[in-house]
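Undergrad: I'd like to ask some things about the structure below.
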Amino acid sequence: MASIRQFEDILAWQKSRILVREVYKALKPCNDRGFTDQIQRASVSVLSNIAEGFESGTKPEFINYLYIAKGSAGEVRAQLYVALDVGYIKPEIFKLLNTLVVECSRLIASFIKGLKTSEFGGQQFKKEKTKSEKDREEFEGYLQEQNRINHPEVFGEPTGKYKDYKL
């Protein structure tokens, strides 16, 4: 699983952001404010629950929020059928939006599956490095840079990252 440092790195969040934009754009001409409000809120809920879950700090909470986001994606799908059936959107717009929301749902399901089997415990359980661990990493980086300087044919070209490092 790729390293995710913020919720914006999550592919399902990125795709749900596109979904929100497209739902708003497609229903802009619609005068049924009750309907547009509901489907827009449901699409925003997909995006928001992924973000809120990520920021919650624990794996179980994150997974729970992802399930809520997946449920909201289902709500959007159901409402897209209503929009199509009552003539609020054309079939080609329905197809585009339905494809987007199904993809969001699949990405969320896949992400949940990956999280359930991962070692990731959540932000709250992330172990902070001690000063000695940080110093050791810095020193190891310095040694690697020295190897690059002294033996570029073996270790590659120097990066210059540690040129000001003092022993």
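Undergrad: Is it fair to say VAL101 is under 21 Å from ARG41 (Cβ atoms) and surrounded by fewer than 18 Cβ atoms within 10 Å (Cβ to Cβ)?
TA: It is false that VAL101 is under 21 Å from ARG41 (Cβ atoms) and surrounded by fewer than 18 Cβ atoms within 10 Å (Cβ to Cβ).
Undergrad: Looking at the range 63-115 only, could you name the residues that are within 18 Å of LYS25 (Cβ to Cβ), without any contact (Cβ under 8 Å) to a residue 12 or more places away in the chain and part of a helix (DSSP H, G or I)?
TA: Once the filter is applied, which keeps residues that are within 18 Å of LYS25 (Cβ to Cβ), without any contact (Cβ under 8 Å) to a residue 12 or more places away in the chain and part of a helix (DSSP H, G or I), the range 63-115 yields LEU84, PRO91, GLU92, LYS95, THR99.
Undergrad: If the requirement is being acidic (Asp, Glu) and surrounded by 14 or more Cβ atoms within 10 Å (Cβ to Cβ), which of these qualifies: GLU75, GLU55, GLU133?
TA: GLU75
Undergrad: Of the numbered conditions (1) surrounded by fewer than 16 Cβ atoms within 10 Å (Cβ to Cβ); (2) assigned to a helix (DSSP H, G or I), SER3 fails exactly one; give the number of that condition.
TA: (2)
Undergrad: Just to verify a result, which residue in the range 10-38, among those that are outside any loop (DSSP other than H, G, I, E, B) and in contact with a Phe, Trp or Tyr (Cβ under 9 Å, 6 or more places away or on another chain), is nearest to LEU97 (Cα to Cα)?
TA: ALA26
Undergrad: Name the pairs whose Cβ atoms lie under 6 Å apart, with the first residue in the range 41-57 and within 24 Å of LEU27 (Cβ to Cβ), the second among the acidic types (Asp, Glu), and 6 or more positions between them or separate chains?
TA: ALA42/GLU75
No lab work stands behind these numbers, since they all come straight from the coordinates. Values in this document were obtained by computation on a predicted structure and should not be read as measured data. Quick reminder, even Gly has a Cβ in these numbers, built from the backbone with ideal geometry, and neighbours come from all protein chains shown.
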